[in-house]
């Protein structure tokens, strides 16, 4: 629940650090990045909220920005490699049995589009590393 808690704090405070001191933010980020996306333990629900939290936290510090880059690189590699030919994701993952292919595909797509949908926390952060792309700030 660290991912959900950090993301909610970021939304409530409007700050990339969620109003946490440096040590608490570093602990939360370490907790999230200690279980990066990988094909052996697919948990799209966790990945989605960790993606949002880490994406928003990247403006808080250089360490936060690096954590986001590592997370996103692992996530893109894992999700693209596990995507089926028709663009969907298989339901053979944690919680996939409850929501099926619709659930897994929705979460997989939302994980990959986080930086297209939301501006990152902090000033001067490129959206999806493309200068010409625009983002809508999180509300």
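Things to note:
Conditions tested, residue by residue: (1) assigned to a helix (DSSP H, G or I); (2) free of Cβ contacts under 8 Å to residues at least 60 places away in the same chain.
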site: 5; (1), (2): yes, yes
site: 9; (1), (2): yes, yes
site: 18; (1), (2): no, yes
site: 29; (1), (2): yes, yes
site: 48; (1), (2): yes, no
site: 66; (1), (2): yes, yes
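- Members of region 58-74 found to be at pLDDT 95 or above and under 15 Å from residue 13 (Cα atoms), listed by number: none
- Within region 7-29, considering residues that are under 14 Å from the mean Cα position of the chain (by Cα) and modelled with pLDDT of 95 or more, the one surrounded by the fewest Cβ atoms within 10 Å (Cβ to Cβ): 28
- In the set 78, 51, 92, only one residue is under 25 Å from residue 104 (Cβ atoms) and at pLDDT 95 or above; that residue is 51.
- Some residue of region 115-130 being closer than 17 Å to residue 37 by Cβ, modelled with pLDDT of 75 or more, within 15 Å of the chain's Cα centre (by Cα) and not in a loop (DSSP other than H, G, I, E, B): yes
- Scanning region 50-64 for residues that are surrounded by fewer than 22 Cβ atoms within 10 Å (Cβ to Cβ) and not in a helix (DSSP H, G or I) returns 59, 61.
Residues are listed down the side, and each one gets a yes or a no for (1) under 15 Å from residue 37 (Cβ atoms); (2) touching a residue at least 12 places away in the same chain (Cβ under 8 Å):
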| position | (1), (2) |
| --- | --- |
| 56 | no, yes |
| 73 | yes, no |
| 85 | no, no |
| 89 | yes, yes |
| 107 | yes, yes |
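The values are calculated or read from the model by the stated rules, or taken from the named source; none is laboratory data. Just so it is clear, the model here is predicted, and its values are computed rather than measured. Methodologically, a virtual Cβ is constructed for each residue, glycine included, from the backbone with ideal geometry; neighbour enumeration extends over all protein chains shown.
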